[in-house]
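Each remark here refers to the structure printed beneath this line.
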Amino acid sequence: MSLLQINDLTIHYVTRGGTVKAVNGIDLSIEAGRTLGLVGETGAGKTTSALGILGLIPKPPGKIISGQILFEGADLLKASQGKMRMIRGNDISMIYQDPMTALNPILRVGDQISEVIIQHSGCSKAEAREKSEGMLETVGIRAERAADYPHQFSGGMKQRAVIAMALACNPKLLIADEPTTALDVTIQAQVLEMMRELKDELGSSMLLITHDLGIVAETCDDVAIMYAGEIVEIGALERIFHNPRHPYTLGLFGSIPSLDKDVRRLNPIPGLMPDPADLPSGCKFHARCAHACDDCGSGSTELCETERGHFVRCRRVAGGEI
Amino acid sequence: MGELLRAEHLKKYFKTPSGVLHAVDDISFSIDSGDTLGVVGESGCGKSTLGRVILKLIEPTDGRIIFEGRDITRVTDKENIELRRKMQIIFQDPYSSLNPRMSVMDLIADPLKTFRLQSSADRRKKVFELMDMVGLSRRFASSYPHELDGGRRQRIGVARALALEPTFIVCDEPVSALDVSIQAQILNLLQDLQEQQGLTYIFVTHDLSVVKHISTDILVMYTGIMVEKCEAKELFAKPMHPYTKGLLSAIPVPNIDRVREKVALRGELTSPVEPKPECRFVARCPFATDICRREPPTYSEVLAGHFVSCHNVREINGL
Amino acid sequence: MLVYALKRLLWMLPVMLGVLIIVFTITYFTPGDPIAAMLGPGYTPERYAQKAAELGLDQGYFIRLGKYIWNAFVRFDLGRSYLSNLSISDEIAARFPITLCIGVLTIFVMAVVGMPLGIFSAIRQYGAADAALTVAALVMNAIPAFVFALLSLILFGVVLRWLPVNGLGSWKAWILPVVTSALPGIAVVMRMSRTTMLEVIRQDYIRTARSKGLKEGVIIRKHALKNCLIPLITVTGGFMTSVLAGSIIVETIFGIPGLGMYLMGGIIGRDYPVINGSVLLISLIVCILNLVVDLLYAMIDPRIKAQYSAKKGKIKKSGGTLPPVNEGGAA
Amino acid sequence: MKRNKSDAPSALADVTRKRGQWSDVLSRLFRNKIGLLGVIIVLLLVVLTVFAPLFTRYPYDAQSFPDRFKLPDASHIMGTDNFGRDLWTRLLYGGRISLLIAILASVISNFIGVFIGSVSGYFGSKTDTVIMRALDILMAIPPLLLAIAISSSLGSGPVNTALAISLSGIPYSARIIRSTVMSIKDSEFVEAARATGSRHLRVIFRHILPNTIAPLIVGATLGIGANIMAISGLSFIGLGVHPPIPEWGSILADGRAYIRDFWPIIVFPSIFIMLTILGFNLFGDALRDALDPRLKD
């Protein structure tokens, strides 16, 4: 049994201006101890999916239309508020993109970490303080800094503190939403390295949300590529990187300037991401796709297994035409 | 082609409540016409300030800027404004760099109006030409920036910079706010424009893969100083300064077969407020020795065309 | 921090001096003849000159200003009333506690009623209670305190006869003055708490708190409330100013012998020393309040506290174009 | 907003743009139901007071002793006052004065406020320090008290009242404009304008001031409501506008003596004052939302 299994999850935001179809029937699973990279550009629905898992979609305007989120076999969408609170921060915890705003500016860093420990272990304040100082040491911050306020920390240190907070209760699943995007590249390397080590140490699984294929290559075991609220390609890391099949995935790889090869011109995907409030019919990517044929503009396209454990949402790939 | 711009010992210091900030400290380089100089570094290294000092948007504290053979360091306001026709800038944030109350037409025409160039009908024609040139559909002429996406906004910024037909453009992180697929479109556009119009760029960025792709030469900055400068290819093949090595090994590469030398850098960048007389990189350097703590290194040509400022550069690289 | 507070206290001196000069100058150049008014009809020129000399009104502007500053700042003597010939400092000292008492009660009522209602409204955003409270706040905000005072006099004093309408005879008499002064403030505090609360609960750190599995009540109490307080303190502090200024009307309507009524008497009788003295005192209170508000910020927000402590020498405004430096000496 | 008539095509572009931008603002304004209510109240008041003679048969100062203290009936829909004057008529004419003074005061204080605020915000450093310290002193005096002092010095009358109220409002509008200008001054688009060769004046007039218009309009609208409150307060304590010219505050002040025996003379002026302030507040709030082009849905 997978640790987390998402079936046909659909999340929309219903506003006066129209319905934003953020997530449209995604299926994915994360095995215990593995890291899944969820890759996509702005507005692909990555963060909404993550918040959906934790039951933190703001309602209204958010609305879960359909689907199942099975965590250790139990459907989180059917869980009570109290049950969800027991899971959040304890079994599943989350690291957010912007460390500058993720910490409460008027509470001491140590107290913010102790808080989650007290909430889930019910231990005394003194024990929690001791444990939170230990967590800070683990992420490379001296224990006496626990009494500092967030504004006294640098960006990298804040993110380390957020990670300490997320890992304080040894979660089974860690969701990291662009954890290093706001950091400089040398700090990013430090933080990623540390996250990898801690994850292995604790035996947690991780859902890593990112737009950076480089980070995926270095961190993940499996990869899911998201486009316009759908997963267009999913499979083991090696399969996706050695044998990318979906035209969008190929386009992403073509857009990145390479450090190894000399490419004079990049091969970007033409056009723009469709407006999630006004998605095209048929394959969501067909308007930007070089291989699109007339059929692509209508009907629905299903994920299709092209090789063992490698799924692609493209009719022409499924038909063996490209 | 010949030299277009040269900077000599350029310095920019800011007074802050906690002391003097050496944002740009003794930077020298020269760019040939038609080339691109990439300036890379982490946030707070002074790269954006350098771009603005060269454009004279910020007055340098010390040093000289020579543009087209003329010293433009100390010029009158009038000459400074005349310089705008030759030197332009493209900004990082396509949201805040466009006046929200002006239409696309007005935004692109604004530089032309400032210099009272052309009749109004010609100006309109010129704006449409510029829009074609940057790949912005003419139907957006009366749109407002907030109605457009980041990529299109950045195209407006490019068109505005090109309106006065400059020879030299500072690109200040022009693609960092964009998604990868849009980023690639803009990078291609900038390259095409450079080829068509013989533009010279200073390309300021923190993204090493972008800078490698677009630059002829690369200048690596760290806390206001230049640590290494050489041809783009050489920098990636033979990085010599420990900071450059660390920076290169820190980039996540989307290639799972590549095995790389790892140089881990400790700690974080500190801001150059009242720097001590030592190598500014010493606290993070895995190769630091006593001399690094005693005096700042000099910037010297280690190989032909390859400048490094490090006391131990020869020992580290086995030269 | 202490240095900052002392500096601010010191800065109050020139401010009060400025206020004094402004108010003195305005009343100095006001047309009208207080002496003639005092003596009544049928006075002789000699009598007039004698009275003028007695009050020091025959001297020039600068001499009178200088004397007034000296007396006010050094001897805390605000002169004597033209009408009653009583010491203004004594009169104010006797009346001010009443006004202050009403003011403090008003602020208390305002905060205690306004904040919970606003926060409740924010938590139930778009609910029926939220809509009702929002409308109530809008209406309350549109009624000037004196209009409210008059209307409630009719309702409670005349029609229902529940509450006394004049003086401060019993504890019941305090209700109407305090409530009518507080109502516009309740509206402001309510709207402000609602908007800041809505803003704060959208912040990333609240989402972080939720993803820790904390209870909603704990999140509001521990994480949101304190962050809401800063704009609220500003509003409340600022409202004290208008309560003090508004006391002139409210006290007159309810016949309360406080500073406001005294000032009103001064205005009607063109008794300039009274006007000057009262305005000066109220301005002093405003200055002290502003200082208290700023110090309260620092107590709540460690970032502001750090700012105050870091300020060396002159107060620096963010004028120059400083490049963004990430780690800014924090590490 | 822009008056550059020599620029034919840019004027042409302006036509398309003005239509675009202002129709956007209007449609957003009208979509806001509460805001619409504010607009309706304000318009209704303006029409009623400006065309007052059309809505009443009586002159505002016609005294009629036998008709004193009449409760509302068919001939006097809001009753009569202590001199037998028609209250409805007096309230309409009084509204003229109140609205006129309030609008005038708002215009004056914002006009001067824009000047002081933009100079202070744009040039910064010493200029700013001096101006801000001076404003600090003015702001130490509660605005109502400052208005009282100035008003008692200038004497009564509509223009003097407008002056007194606008002077006491200047520091506040100057502060708002200053902070807006300061934030716009440091924005990248102003830097872009300088990079394309714009001089100070061009930067101020073309890039900074147009972006302060939204907060200015909002401030001015909300200011009118606050001014109505201040004017009626001043008149109520015997400053401001004097009889026989009717003004809402002075009608209330006159009526105070009869509060125990005759309720209409208090209740109806109160309703007028309330509705006017409410109307301008709602209108201002709605404008704030409608004028921000960055706000979505």
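Things to note:
- Of the residues making up the range C:123-161, those that are over 27 Å from the mean Cα position of the chain (by Cα) and either more than 14 Å from chain D (Cβ to nearest Cβ) or not in a helix (DSSP H, G or I) (or both) are C:ILE123, C:ARG124, C:GLN125, C:TYR126, C:GLY127, C:ALA128, C:ALA129, C:LEU160, C:ARG161.
- Residue ID - farthest from the chain's Cα centre (by Cα), chosen from residues in the range B:113-140 that are under 22 Å from B:PRO174 (Cα atoms) and of a type in the set (A, V, I, L, M): B:VAL127
- Residues in the range C:49-72 that are part of a helix (DSSP H, G or I) and under 26 Å from C:MET261 (Cβ atoms): C:LEU55, C:TYR68, C:ASN71, C:ALA72.
- Enumeration of residues in the range B:62-98 that are at pLDDT below 90 and in contact with a His (Cβ under 7 Å, 6 or more places away or on another chain): none
- Hey, C:VAL286 at pLDDT 75 or above, surrounded by 13 or more Cβ atoms within 10 Å (Cβ to Cβ) and at the interface with another protein chain (Cβ under 10 Å from one of its Cβ atoms) or not: yes
- One residue stands out in the range A:87-118 among those that are part of a helix (DSSP H, G or I) and touching a strand residue (DSSP E or B) at 6+ places or on another chain (Cβ under 9 Å): the one that is surrounded by the fewest Cβ atoms within 10 Å (Cβ to Cβ), namely A:ILE87.
- Looking at B:LYS229, B:LYS276, just one residue is away from every other protein chain (no Cβ under 13 Å) and in contact (Cβ under 8 Å) with a residue 24 or more places away in the chain, and that residue is B:LYS229.
- Selection count, the range D:252-284, where residues are over 18 Å from C:VAL139 (Cα atoms), assigned to a helix (DSSP H, G or I) and open to solvent by 10 Å² or more (accessible area, probe 1.4 Å): 5
- Filter result for the condition that a residue is more than 7 Å from every other protein chain (Cβ to nearest Cβ) and out of contact with any helix residue (DSSP H, G or I) (no Cβ under 6 Å at 6 or more places or on another chain), over B:LEU107, B:LEU117: B:LEU117
- When B:THR289 is tested against the conditions (1) among the hydroxyl-bearing types (Ser, Thr, Tyr); (2) loosely packed, with under 14 Cβ neighbours inside 10 Å; (3) under 19 Å from B:ILE27 (Cβ atoms), the lone failure is (3).
- In the set (1) in contact with a Lys or Arg (Cβ under 9 Å, 6 or more places away or on another chain); (2) within 14 Å of another protein chain (Cβ to nearest Cβ); (3) more than 30 Å from A:VAL14 (Cα to Cα); (4) crowded, with 16+ Cβ neighbours inside 10 Å, A:LEU136 fails one condition alone, (2).
- Sub-7 Å Cβ pairs linking a first residue in the range D:25-42 that is touching a residue at least 60 places away in the same chain (Cβ under 8 Å) and more than 11 Å from D:ASN281 (Cα to Cα) to a second residue that is small (Gly, Ala, Ser) and in a helix (DSSP H, G or I), at least 6 apart or interchain, are D:VAL25/D:ALA290; D:ARG28/D:ALA290; D:LEU29/D:GLY35; D:LEU29/D:ALA286; D:LEU29/D:ALA290; D:ASN32/D:ALA286; D:ASN32/D:ALA290, ordered by first then second residue.
- Selection from the range C:108-159 of residues that are free of Cβ contacts under 8 Å to residues at least 24 places away in the same chain and buried (at least 22 other Cβ atoms within 10 Å of the Cβ): C:ALA142, C:VAL147
- Within the range A:189-213, the residues that satisfy the criterion of being free of Cβ contacts under 8 Å to residues at least 24 places away in the same chain and facing another protein chain (nearest Cβ under 8 Å) are A:ALA189, A:GLU193.
- When B:VAL302, B:VAL282, B:VAL308, B:VAL253 are checked against the criterion of being open to solvent by less than 20 Å² (accessible area, probe 1.4 Å), aliphatic (A, V, I, L, M), at the interface with another protein chain (Cβ under 10 Å from one of its Cβ atoms) and touching a Lys or Arg at 6+ places or on another chain (Cβ under 9 Å), B:VAL253 stands alone in meeting it.
- Just so you know, in the range D:193-227 the residues that are of a type in the set (Ser, Thr, Tyr) and in contact (Cβ under 8 Å) with a residue 40 or more places away in the chain include one that is farthest from the other protein chains (Cβ to nearest Cβ), and it is D:THR221.
- Residue in the range B:51-61 that is hydrophobic (A, V, I, L, M, F, W, C) and either farther than 24 Å from D:ARG194 by Cα or modelled with pLDDT of 95 or more (or both) present: no
- Residues satisfying the stated conditions in the range B:146-177, i.e. at the interface with chain D (Cβ under 9 Å from one of its Cβ atoms), assigned to a helix (DSSP H, G or I) and crowded, with 24+ Cβ neighbours inside 10 Å: B:GLY157, B:ARG160, B:ALA161
- Count of residues meeting criterion [of a type in the set (Ser, Thr, Tyr), in contact (Cβ under 8 Å) with a residue 40 or more places away in the chain and surrounded by fewer than 21 Cβ atoms within 10 Å (Cβ to Cβ)] in the range A:14-43: 3
- Pair list, Cβ < 9 Å and 6+ apart or interchain, from the range D:143-159 residues that are more than 8 Å from chain C (Cβ to nearest Cβ) to residues that are of a type in the set (Lys, Arg) and surrounded by 19 or more Cβ atoms within 10 Å (Cβ to Cβ): none
The values are calculated or read from the model by the stated rules, or taken from the named source; none is laboratory data. Since the model is a prediction, treat every value here as computed from it, not as a measurement. All Cβ positions, even for glycine, are placed from backbone atoms using ideal geometry, and neighbour counts span all protein chains on display. Heads up: the accessible areas ignore ligands, DNA and RNA and are worked out on the full protein's heavy atoms, side chains in. Shrake-Rupley method; radii C 1.70, N 1.55, O 1.52, S 1.80 Å.
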